[in-house]
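Here the structure is laid out as structure tokens; the discussion comes afterwards.
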Amino acid sequence: MARIAVLKGGTSMERDVSLLTGGRVQHALERLGHTVYPLDIEESTTRRLVELEPDAAFVCLHGIGGEDGTVQALLETLNIPYTGSGPLASNRCMDGDQAKRVLRASGIPTPPFRTFWRRAMNEMGASAALDLAAEEVGYPLAVKPARQGSALGLSRLEDGERLLDAVYEAFGYDTKVLLERWVEGQEILAPILQPPGEEPRVLTLVEVRPQEGMYNFEAKYTPGMTDFAIPAEVPAAAVSRLEEAALSAYRALGCSGFARVDMILEGGTPWVLDANTIPGFTETSTFPLAAEAAGISFEELVETILEGALRPGAPAKL
Amino acid sequence: MREGVLKMPVVDLDRFDFLYARRVRGLRSSAARDLMAMLSRPGIISLAGGFPDTSAFGSEALKRIAAAVADDSARALQYGPTGGLEEIKDIIMDVMAAEGTPARQEDVFLTTGAQQGLDLIGRVFLDEGDAVICEAPTYVGALNAFSSYRPRILHVPMDRHGMDVAAAAEAIQRARRQKVAVKFIYTVPNFQNPAGVTLSGERRRQLLELAREHDLIIVEDNPYGVLRFDGEAPPTISSLEQASGELERVVYLGTFSKIFAPGVRLGWVHAQQGILHKVNVGKQAADLCSSNLSQMLIVAYFRSGEWRGYIRRLLKVYRERRDAMLDALAEFMPEEVYWTHPDGGFFVWVTLPEYLDATAMLPQAIQRNIAYVPGEGFYADGAGKNCMRLNFSFVEPEKIRRGIELLSEVIKERMEFRDKLERGSRARARRKERTQR
């Protein structure tokens, strides 16, 4: 049995969810017979990892610092194998701008978008191009911080009236902001698992539905205001298109081990919105629920992901 | 204070959503709370708290009073009467006298913190859909306590003299026209949390008149009353009512949290017998009685009269901190920013330019190691986005000064950035106009 450091907490805005994910993974690893060292991220984390010399680290961090390649690069430096994607893939997936560029260049449908940097606003008068960008993207559109993890700073605009205010607000949360066309349709999540030495596969498609009577936008960003359908209720023809788009996105972005690809099915088009390299693993998170629906218990899921980290001679992660 | 920024134990909020009662199903961690998760960062100067400084009390003093309580251990460890021990009611009469309010022992009712008083008042008076008149902004703990009973919160604007009574009258009339039952007016008259504003003597009289005219209750929440650094205290609304007749419609809430320590969790309701009878029923269901141990600690300490000296010490500490904050604000803040000048209490309320969202600014502030509470949480209707609450009671003067300096830098950057954005988009609009011509 292995000695595993479970990394959780941190100071990102998703600290709470991370602690829940970490706690649940920790218990599963214990039940599997591993020796577990839960570590909250703090100044002594590196020293602790050096002292512990764990066989692997199970990364249960969400958001900036944990899901963006920071901790992954550190673990590589310390020669500690870890779960999930490598630093570059993590960084890309955290950053909507980078991810969408990779998707677009790979021919995977992703809604049209434009990017603005704070520096360009400050030094190059870039807000003169806001209207232009909005017209090209088309309304309704979303204004959002590029490296988002929650709904903070996100606005949906029907027209240009509040454009400046929305952009200004989004820049409160990041130095880079996206204008992205708002695509209407069924919201589909594709939890992907890649057992060591095998090809990645979609566990089960999940459909997210706003609770009855709730306006879509509000529901989507209020926890508990959404219901899930597992498997998603979509035409059989759409299932393969969705799965194909999700797997192409997973490969194009260079993910490893597991990830969740979020899409909107509009007409017949599976628009890929983004990919999460460390989706939540709480009791009500979609990823473990989808695994269960695919006949994989939480322990099996955790063990499979861990094996990916422990496997000797595995190819280097992106 | 009754709320604060602590690391909360984490529970899965959604697991039993299908079983939760409707009244709590909607209760969610706010965006601001998600941001507060980042406050665990080391080295941060937090003006976001609201704690009294309990370090000033000292362990020797606590040992002394604990020893006195231990002499009567059987009683200290036993259940007590629902409304509290007789001796502590005598102490409360002394404290209320110091706050300028005459009190009779039988009109005093012990609660587990004034926060429980708020909950019990909500339980006693509010049906779903009833209206409560509150200041804008108002104490967030009151909003939380009342929200279990699902009332409508009617916010009434404040100026430097406190709640605008004419606006309160209009709000009541509007509600009546819509067939909404207004049940009570809730006010924190002294050094209000969060605004730091004090309701003037004249307005207190008007508010009492208004309540009489519409036959409403006034809930006078006075946790900070004796923490006055400057000027004369206006009479409490309860004392005004008692001076002009019988104790009738003013429900007065007091607490030991600010004058002694929040750790004892003791407060009180002072009200007429009919109301106390209902409150008593509610308290029996809630927790049977407040802790005897806590009550006896208070009695042991307050009997000696030392508390007056302790409060003088606290006042000195808090006044110095308030001054440090007001001086630093005057020195560092850009001229478009306004703030209140509290004569006591714990808080200063800062108003930023209209377009500046204090919630959206918080990540940048935290990055610079300074934290505050964004204003929108103090409103039930999403207002107050361009406001923030700053606490001075819990932070040393040098840190306050440094904190305000950092905060003003963040605000200036945000303002300059807005300016850049607007200039750019104006240039674009001009160009468009030219091409159209």
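Scanning the stretch A:65-83 for residues that are within 29 Å of A:ALA142 (Cα to Cα) and surrounded by 21 or more Cβ atoms within 10 Å (Cβ to Cβ) yields A:GLY66, A:GLU67, A:ASP68, A:GLY69.
Could you tell me whether the stretch A:21-38 includes any residue that is in contact (Cβ under 8 Å) with a residue 12 or more places away in the chain, within 14 Å of chain B (Cβ to nearest Cβ), out of contact with any helix residue (DSSP H, G or I) (no Cβ under 9 Å at 6 or more places or on another chain) and surrounded by 23 or more Cβ atoms within 10 Å (Cβ to Cβ)? For the stretch A:21-38, residues in contact (Cβ under 8 Å) with a residue 12 or more places away in the chain, within 14 Å of chain B (Cβ to nearest Cβ), out of contact with any helix residue (DSSP H, G or I) (no Cβ under 9 Å at 6 or more places or on another chain) and surrounded by 23 or more Cβ atoms within 10 Å (Cβ to Cβ): present.
Conditions (1) away from chain B (no Cβ under 14 Å); (2) closer than 14 Å to A:ARG201 by Cβ; (3) surrounded by fewer than 20 Cβ atoms within 10 Å (Cβ to Cβ), marked per residue:
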residue	(1), (2), (3)
A:PRO235	yes, no, yes
A:LEU242	yes, yes, no
A:GLY254	yes, no, yes
A:PRO279	yes, no, no
A:LEU289	no, no, yes
A:SER297	yes, no, yes
A:LYS317	yes, no, no
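Among the numbered conditions (1) more than 27 Å from A:GLY313 (Cα to Cα); (2) over 20 Å from the mean Cα position of the chain (by Cα); (3) hydrophobic (A, V, I, L, M, F, W, C), the only one that A:LEU78 does not meet is (1). Would it be correct to say that A:ILE80 is β-branched (Val, Ile, Thr) and within 14 Å of chain B (Cβ to nearest Cβ)? It is false that A:ILE80 is β-branched (Val, Ile, Thr) and within 14 Å of chain B (Cβ to nearest Cβ).
Can you confirm whether B:PRO363 is surrounded by 18 or more Cβ atoms within 10 Å (Cβ to Cβ), in contact (Cβ under 8 Å) with a residue 60 or more places away in the chain and within 14 Å of chain A (Cβ to nearest Cβ)?
yes
Kindly indicate which of A:SER106, A:SER12 is hydroxyl-bearing (Ser, Thr, Tyr), at pLDDT 95 or above and either surrounded by fewer than 22 Cβ atoms within 10 Å (Cβ to Cβ) or out of contact with any Phe, Trp or Tyr (no Cβ under 7 Å at 6 or more places or on another chain) (or both). Give the steps one after another, and end with the answer.
On the way: A:SER12 fails: at pLDDT 95 or above.
Just a single option satisfies the conditions, and that option is A:SER106.
Residue by residue, here is whether (1) within 14 Å of another protein chain (Cβ to nearest Cβ); (2) at pLDDT below 95; (3) within 26 Å of B:GLU376 (Cβ to Cβ) holds:
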position	(1), (2), (3)
B:GLU396	no, yes, no
B:LEU407	no, no, yes
B:GLU422	yes, yes, yes
B:ALA427	yes, yes, no
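Just to be sure before I move on: is B:TRP349 touching a Cys at 6+ places or on another chain (Cβ under 7 Å), in contact (Cβ under 8 Å) with a residue 60 or more places away in the chain and either outside the structural domain of B:LEU118 (by TED's automatic domain parsing) or not in a helix (DSSP H, G or I) (or both) in the structure I sent? In short, yes.
Residue by residue through the stretch A:147-163, note down the ones that are within 9 Å of chain B (Cβ to nearest Cβ) and either in contact (Cβ under 8 Å) with a residue 60 or more places away in the chain or surrounded by fewer than 19 Cβ atoms within 10 Å (Cβ to Cβ) (or both). Give the derivation first.
Step one: list which residues in the stretch A:147-163 are within 9 Å of chain B (Cβ to nearest Cβ), which gives A:150-153, A:163.
Scanning the stretch A:147-163 gives A:SER150, A:ALA151, A:LEU152.
Of the listed requirements (1) more than 21 Å from the chain's Cα centre (by Cα); (2) under 30 Å from B:ASP357 (Cα atoms); (3) modelled with pLDDT of 80 or more; (4) of a type in the set (S, T, N, Q), B:SER40 misses just one: (3).
Within the stretch B:252-278, being touching a Phe, Trp or Tyr at 6+ places or on another chain (Cβ under 8 Å), of a type in the set (A, V, I, L, M, F, W, C) and surrounded by 24 or more Cβ atoms within 10 Å (Cβ to Cβ) holds for B:LEU253, B:LEU266, B:TRP268, B:VAL269, B:ALA271.
If you check A:HIS34, A:HIS62 for being at pLDDT below 95 and farther than 21 Å from A:GLY313 by Cα, only one passes: A:HIS62.
The values are calculated or read from the model by the stated rules, or taken from the named source; none is laboratory data. Keep in mind the model is a prediction, meaning the values are calculated, not measured. FYI the Cβ positions are ideal-geometry reconstructions off the backbone, even for glycines, and counts take in every protein chain you see.
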